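Engineer: Could you have a look at this structure, given as structure tokens, before my questions?
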Amino acid sequence: MTAHTGERPTGVLGKAVESVISAVGKRAVSSVSDRMGSATERLADYTKGAAGDVKEAVLDNSGPAGKALGLVDKVKQKLGGGGGGGGKLKVTNIVESIDVAVPLSVAYNQWTQFTDFPSFMKKVEAVEQGDEPQKLSWKAQILWSHRSWESDIVDQVPDQRIVWRSQGAKGYPDGAVTFHELGPNLTRIVLVLEYHPQGFFEYTGNLWRAQGRRARLELKHFARHVMTDTLLHPQDVTGWRGEIHDGEVTAEPGEAEADTERDAEGGTEAESGDRDEPRRDESRGDRGDSRGDRGDRSDRSDRGDRGESHDDREKPRGERRGRAKAEARS
């Protein structure tokens with residue numbers, strides 16, 4: 001007769017099952033660990049090989065990866081990073097033009113109202129113009145960053161051109177704008193900019209010509225404002241019509257226009273004098289011809305009168321001789 005230990009069969013079975021599960025789990029974990037280690041080794045070998053291929057592609061400058069990494073190296077060199085030493089950033093040349101259906105003076109006057117630019121241009125945030133009309137302070141958004149710069153107008157002639165130079169800690173534009181009359185109510189505006197990018201985002205935008213597209217859009221905003229607002233109230237826009245040469249104001253607005261009017265009047269008088277001179281010569285010639293005609297007629301009349309008087313003197317003498325002969329015969 002067997003002795004009872006007091007432990008149920010179900011408890012023994014449970015322990016056996018736990019031992020089997022534990023053994024299977026340890027084996028599975030060991031297998032997964034071995035596989036992960038093998039995969040890690042293969043991934044490391046693949047990475048090393050891929051790195052070598054990428055390096056070779058960059059050196060050969062072929063393939064998409066080589067072009068991308070080559071571009072990054074160029075950006076680092078331009079920004080002074082890496083071992084390239086860093087060079088001077090290239091200037092972005094921007095040339096844009098637009099025709100506006102307003103008189104030349106209206107387009108020019110509105111352009112000289114620089115402090116109004118933020119009200120109708122999208123990315124121009126602020127423009128300040130102090131007591132010196134040739135000095136301007138700008139703040140605008142370029143790509144994802146904000147830029148501030150100072151501009152000095154070096155040359156300005158009313159209804160013709162404005163030329164400026166700028167300085168800024170980051171990106172800044174030099175440029176010129178000219179105005180051309182195509183008709184009494186049609187003006188062409190030509191904008192030329194030299195944008196000097198600085199910084200990673202600036203150079204990235206320079207590659208995609210973002211500044212040129214921004215300038216084109218702002219020029220369209222200017223044309224929209226002139227056609228929808230300025231055209232309705234042109235008398236409200238006086239503008240600044242002085243002259244600037246070599247960065248100095250040479251004529252205030254009233255003086256510049258007075259000089260232009262005097263030059264125009266002087267040119268008109270000179271032209272009228274040139275036109276009148278041939279007329280005076282012609283009139284003198286006509287008077288000379290008339291005097292000659294009168295002289296010819298008077299000479300002919302005098303000779304005719306003298307001839308008639310001679311005949312009158314001769315006729316009575318003949319008659320007297322005839323009467324004398326008749327008396328002698330009788």
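Engineer: Taking the range 132-157, which residues are outside any loop (DSSP other than H, G, I, E, B) and hydrophobic (A, V, I, L, M, F, W, C)?
Structural biologist: Those that are outside any loop (DSSP other than H, G, I, E, B) and hydrophobic (A, V, I, L, M, F, W, C): LEU136, TRP138, ALA140, ILE142, TRP149, ILE153, VAL154, VAL157.
Engineer: Also, quick follow-up: Show the residue pairs meeting these rules: Cβ distance below 8 Å; 6+ apart or different chains; first residue within the range 211-223 and outside the structural domain of GLN198 (by TED's automatic domain parsing) and among the β-branched types (Val, Ile, Thr); second residue exposed (fewer than 15 other Cβ atoms within 10 Å of the Cβ) and not in a helix (DSSP H, G or I).
Structural biologist: Listed pairs, sorted by first residue: none to list.
Engineer: Can you tell me which residues in the range 168-194 are touching a Pro at 6+ places or on another chain (Cβ under 7 Å) and not in a strand (DSSP E or B)?
Structural biologist: Those that are touching a Pro at 6+ places or on another chain (Cβ under 7 Å) and not in a strand (DSSP E or B): GLY171, PRO184, ASN185.
Engineer: Considering only residues of the range 122-131 that are touching a residue at least 24 places away in the same chain (Cβ under 8 Å) and part of a loop (DSSP other than H, G, I, E, B), which is nearest to VAL226 (Cα to Cα)?
Structural biologist: So, considering only residues that are touching a residue at least 24 places away in the same chain (Cβ under 8 Å) and part of a loop (DSSP other than H, G, I, E, B), the one nearest to VAL226 (Cα to Cα) is LYS122.
To keep it simple, each residue is scored yes or no on (1) modelled with pLDDT under 95; (2) crowded, with 18+ Cβ neighbours inside 10 Å; (3) under 17 Å from the mean Cα position of the chain (by Cα).
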{"residue": "TYR195", "(1), (2), (3)": "yes, yes, yes"}
{"residue": "THR204", "(1), (2), (3)": "yes, no, no"}
{"residue": "ARG209", "(1), (2), (3)": "yes, no, yes"}
{"residue": "ARG214", "(1), (2), (3)": "yes, yes, yes"}
{"residue": "HIS221", "(1), (2), (3)": "no, no, yes"}
{"residue": "MET227", "(1), (2), (3)": "no, no, no"}
{"residue": "LEU232", "(1), (2), (3)": "yes, no, no"}
{"residue": "GLN235", "(1), (2), (3)": "yes, no, no"}
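Engineer: Identify, by number, the condition in (1) exposed (fewer than 15 other Cβ atoms within 10 Å of the Cβ); (2) assigned to a helix (DSSP H, G or I) that VAL106 doesn't meet.
Structural biologist: Failing condition for VAL106: (1).
Engineer: Would it be correct to say that SER119 is assigned to a helix (DSSP H, G or I), under 30 Å from PRO184 (Cβ atoms) and not hydrophobic (A, V, I, L, M, F, W, C)?
Structural biologist: Values: assigned to a helix (DSSP H, G or I): yes; under 30 Å from PRO184 (Cβ atoms): yes; not hydrophobic (A, V, I, L, M, F, W, C): yes.
Considered against the rule, which asks whether it is assigned to a helix (DSSP H, G or I), under 30 Å from PRO184 (Cβ atoms) and not hydrophobic (A, V, I, L, M, F, W, C), SER119 comes out as yes.
The values are calculated or read from the model by the stated rules, or taken from the named source; none is laboratory data. This is a predicted model, so every value here is computed, not measured. Heads up, the Cβs are rebuilt from the backbone with ideal geometry, glycines too, and the neighbour counts pull from every protein chain shown.
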